[in-house]
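J.: Take this structure, written in structure tokens, and hold onto it; I'll ask about it next.
The values are calculated or read from the model by the stated rules, or taken from the named source; none is laboratory data. Predicted, not measured: the structure shown is a model, and the values here were computed from it. All Cβ positions, even for glycine, are placed from backbone atoms using ideal geometry, and neighbour counts span all protein chains on display. Calculation scope for accessible area: heavy atoms of the full protein, side chains included, ligands and nucleic acids excluded. Shrake-Rupley method; radii C 1.70, N 1.55, O 1.52, S 1.80 Å.
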Amino acid sequence: LAALMVFSVFAGTVALSGGAAAATGGNFDTFTNGTPDEGTTVSHTINFTASSDDADTTADNVTFSLPSEANVSGAGAVTINELSTNGSDVSSSANAQFSDTDGDGSTEEIVLNVADSSSTGSTAIVANVTVDVAWEEVSSDTQVSASATFEDGASTVTDSQQITIQDVGGPGGSDRAGPGGTGD
């Protein structure tokens, strides 16, 4: 009886105290072709899931950030395969924005604005896009990071994956043999 009384007071305190709305469960499930060769254009599929207990109806954002070594030539290089909230497809109403974060003239950040019509306090986001990325030349195998962020207006959750850009050019130069001992 004493334990029941103590636990019921504790449970009542927790229930009445409430909590701040938060984005949770950000999971960057997939970044396909995670070891691209330098100087090539590679099609990558990115899959990200997250959830929110934010009960407002303001737009939520899913942002894919690629490293500065990645060059995406704008909207034509991005295909939204799936974008859904609580199991409903919202890809046709998603307002995608593209940003050149390092000023080199190409896109490194893709922001999908997702209308949040849920006032129930729970939203599950599934975002799956295909992105054609032109990878820059590197002087050696280079490990970089791509990230996905879900922002629900009250908080954010981010997850990332490592990518290794493969140096395939070798030492090269005008007086040395190229890959395989042939060519410049």
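J.: List the pairs whose first member sits in region 80-93 and is within 11 Å of THR123 (Cα to Cα), whose second member is in a loop (DSSP other than H, G, I, E, B) and open to solvent by less than 70 Å² (accessible area, probe 1.4 Å), and whose Cβ atoms are under 7 Å apart, counting only residues at least 6 apart or on separate chains?
T.: Listed pairs, sorted by first residue: SER84/VAL90; THR85/ASP116; THR85/SER118; ASN86/SER118.
J.: Can you list residue pairs whose Cβ atoms sit under 9 Å apart, with the first residue in region 16-34 being open to solvent by less than 70 Å² (accessible area, probe 1.4 Å) and the second being modelled with pLDDT under 70 and part of a strand (DSSP E or B)? Count only pairs 6 or more apart in sequence or on different chains.
T.: none
J.: Against the definition (assigned to a loop (DSSP other than H, G, I, E, B), open to solvent by 60 Å² or more (accessible area, probe 1.4 Å) and not basic (Lys, Arg)), how does ASP102 come out, yes or no?
T.: Answer is yes for this residue.
J.: Right, another one. Only one of these is touching a Phe, Trp or Tyr at 6+ places or on another chain (Cβ under 9 Å) and under 19 Å from ASN33 (Cβ atoms): VAL126, VAL131, VAL138. Name it.
T.: VAL131
J.: Would it be correct to say that THR49 is part of a strand (DSSP E or B), open to solvent by 10 Å² or more (accessible area, probe 1.4 Å), more than 19 Å from THR164 (Cβ to Cβ) and β-branched (Val, Ile, Thr)?
T.: yes
J.: Within region 52-79, can you find the residues that are buried (at least 17 other Cβ atoms within 10 Å of the Cβ) and either assigned to a strand (DSSP E or B) or among the polar types (S, T, N, Q) (or both)?
T.: Going residue by residue through region 52-79, those that are buried (at least 17 other Cβ atoms within 10 Å of the Cβ) are 52-54, 60-67, 69-72, 77-78.
Within region 52-79, SER52, ASP60, ASN61, VAL62, THR63, PHE64, SER65, ALA70, ASN71, VAL72, VAL78 qualify.
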